[in-house]
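Report on the following structure.
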Amino acid sequence: SVKTSSKGSYRFFDSEYSENVLARHRLEAELRHALEQDQFVVFYQPRVEMAGGTTSSMEALVRWMHPTRGLIEPNEFIPLAEETGLIVKLGWQVMEKVCSQVAFWSAQGRQTVPVSVNVSARQFQESDVAAIVQDCLQRHAIDPSLIEIELTESSMLDDKSNVVETLQHIQKMGVKLLVDDFGTGYSSLSQLQRLDFDVIKVDRAFTAELDNSREGTALITAIITMAHALGIRVVAEGVESLEQVATLRALHCDEVQGFLISRPLPAAEIQPMLGRWLLPVT
Ligand code: C2E
Ligand code: MG
Ligand code: MG
Ligand code: MG
């Protein structure tokens, strides 16, 4: 069906638009299917203590083991999972897998360090986070100190869902709370203090700024000083160079995480790294 050229540009726009909508619908359907078919796997990335040079904790990072497309990284499906609400189911699947992995390691008498799990703002809004975490810990008979929760500043903004009480409840259970991507959101000093966070993870954009500007260094310095004044430990995310490690050490940053030390790895590959000195010598 040939149309006049004046309409051509509209048709182009329309078809591109509907292709986009179609692609999103297809991805959403695939995500639902993937949740049912158990296609998600958890990789682990160590967080290394500046002082001791060994892994203090590992972050659980989900990957999609797609039957035909292979391994898919979170940036390709987490945003849509967040939008559609599928992140709630996915997030709890990840928690389940992590608890079962930690229980397995413990049962084998392997060295265990805590694992931090990313919990989305939507999980806080749409589910009873404290109850689910407690249930997961009990079913797998694992010590609460072996699970940590990473939440973003946006999770704390929602007053309706009693986030403060939920977080306090979780802490009373012995599960540590970490603020993820710190500096990109809107948490206030008073929130940090009131909620008694254990750790903040400074967003990797700030780490990258260390290379470029005096202001970047000044910002991280200020964050570290502030956090330490409140008794909160500081992790720098996205550490990729020896120079960054040296600067962060000089600034008394407590822990580092990043590709320089290790990429996120499957469970079997991460285990042998525990207890080993992982910090490059600067
Ligand atoms: P995040 O929680 O801030 O996790 C850190 C991200 O930075 C990871 O990306 C990690 O692979 C990446 N990264 C670590 N070191 C470096 C580095 O040196 N350089 C660079 N450029 N990147 C580094 P990943 O695994 O692709 O995950 C991206 C985001 O997806 C996570 O950011 C988190 O927000 C989300 N995500 C991943 N797994 C889960 C999950 O199980 N639940 C939820 N709700 N979100 C998740
Ligand atoms: Mg995280
Ligand atoms: Mg982060
Ligand atoms: Mg992030």
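So which residues in segment 54-75 are in contact (Cβ under 8 Å) with a residue 12 or more places away in the chain and not in a strand (DSSP E or B)?
Within segment 54-75, Thr54, Pro67, Pro74 qualify.
Let's see how each residue does on (1) over 21 Å from Arg47 (Cα atoms); (2) open to solvent by 50 Å² or more (accessible area, probe 1.4 Å); (3) of a type in the set (Val, Ile, Thr); (4) within 16 Å of ligand 3 (Cβ to nearest atom):
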{"site": "Trp105", "(1), (2), (3), (4)": "no, no, no, no"}
{"site": "Gln111", "(1), (2), (3), (4)": "no, yes, no, no"}
{"site": "Asp128", "(1), (2), (3), (4)": "yes, yes, no, no"}
{"site": "His140", "(1), (2), (3), (4)": "yes, no, no, no"}
{"site": "Pro144", "(1), (2), (3), (4)": "no, no, no, no"}
{"site": "Ile149", "(1), (2), (3), (4)": "no, no, yes, yes"}
{"site": "Ser154", "(1), (2), (3), (4)": "yes, yes, no, yes"}
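Residues in segment 246-259 that are within 16 Å of ligand 3 (Cβ to nearest atom) and either surrounded by fewer than 18 Cβ atoms within 10 Å (Cβ to Cβ) or acidic (Asp, Glu) (or both): how many? Give the derivation first.
Going residue by residue through segment 246-259, those that are within 16 Å of ligand 3 (Cβ to nearest atom) are 248, 253-259.
Okay, now just the ones that are also either surrounded by fewer than 18 Cβ atoms within 10 Å (Cβ to Cβ) or acidic (Asp, Glu) (or both), so 254-255, 259.
Of the residues in segment 246-259, 3 are within 16 Å of ligand 3 (Cβ to nearest atom) and either surrounded by fewer than 18 Cβ atoms within 10 Å (Cβ to Cβ) or acidic (Asp, Glu) (or both).
Across segment 48-91, which residue is farthest from ligand 1 (Cβ to nearest atom) among those that are more than 21 Å from His25 (Cα to Cα) and open to solvent by 40 Å² or more (accessible area, probe 1.4 Å)?
Only one residue tops the list, namely Ala51.
From (1) more than 16 Å from Ile200 (Cβ to Cβ); (2) over 21 Å from the mean Cα position of the chain (by Cα); (3) among the small types (Gly, Ala, Ser), pick out the condition that doesn't hold for Gly231.
Every listed condition holds for Gly231 apart from (1).
Name the residues in segment 183-196 that are open to solvent by 20 Å² or more (accessible area, probe 1.4 Å) and touching a residue at least 24 places away in the same chain (Cβ under 8 Å), would you?
The answer is Gly183, Thr184, Gly185, Tyr186, Ser187, Leu189, Gln191, Gln193, Arg194, Asp196.
Only residues that are charged (D, E, K, R) and either within 16 Å of ligand 4 (Cβ to nearest atom) or part of a helix (DSSP H, G or I) (or both): list them for segment 190-226, please. So that I can check it myself, show each step before the final result.
Applying the first criterion (charged (D, E, K, R)) to segment 190-226 yields 194, 196, 198, 201, 203-204, 209, 211, 214-215.
Those that are charged (D, E, K, R) and either within 16 Å of ligand 4 (Cβ to nearest atom) or part of a helix (DSSP H, G or I) (or both): Arg194, Lys201, Asp203, Arg204, Glu209, Asp211, Arg214, Glu215.
Which condition breaks for Glu243 when tested against (1) in a loop (DSSP other than H, G, I, E, B); (2) open to solvent by 80 Å² or more (accessible area, probe 1.4 Å)?
For Glu243, the failing item is (1).
Suppose we filter Leu146, Leu189, Leu157 for residues that are hydrophobic (A, V, I, L, M, F, W, C) and under 25 Å from Cys99 (Cβ atoms); which single one remains? Even if it seems obvious, please write down each step before you answer.
Numbers: Leu189 fails: under 25 Å from Cys99 (Cβ atoms); Leu157 fails: under 25 Å from Cys99 (Cβ atoms).
It is Leu146.
For segment 197-216, which residues satisfy the criterion of being within 14 Å of ligand 3 (Cβ to nearest atom) and open to solvent by 30 Å² or more (accessible area, probe 1.4 Å)?
Across segment 197-216, the qualifying residues are Arg204, Ala205, Phe206, Ala208.
Which of the residues spanning segment 98-144 are farther than 16 Å from Val175 by Cα, in a helix (DSSP H, G or I) and either of a type in the set (S, T, N, Q) or more than 16 Å from ligand 2 (Cβ to nearest atom) (or both)?
Across segment 98-144, the qualifying residues are Ser100, Gln101, Phe104, Trp105, Ser106, Ala107, Gln123, Gln125, Glu126.
Can you name the number of the only condition in (1) more than 16 Å from ligand 4 (Cβ to nearest atom); (2) among the aliphatic types (A, V, I, L, M); (3) within 27 Å of Ile147 (Cβ to Cβ) that Ala229 fails?
The number of the failed condition is (3).
Which of (1) in contact (Cβ under 8 Å) with a residue 40 or more places away in the chain; (2) polar (S, T, N, Q); (3) open to solvent by less than 40 Å² (accessible area, probe 1.4 Å) does Gln39 not meet, given it meets every other one?
(1)
The values are calculated or read from the model by the stated rules, or taken from the named source; none is laboratory data. These figures come from a predicted structure and were not determined experimentally. Note that each Cβ is placed from the backbone with ideal geometry, even for glycine, and that neighbours are counted across all protein chains shown. Calculation scope for accessible area: heavy atoms of the full protein, side chains included, ligands and nucleic acids excluded. Shrake-Rupley method; radii C 1.70, N 1.55, O 1.52, S 1.80 Å.
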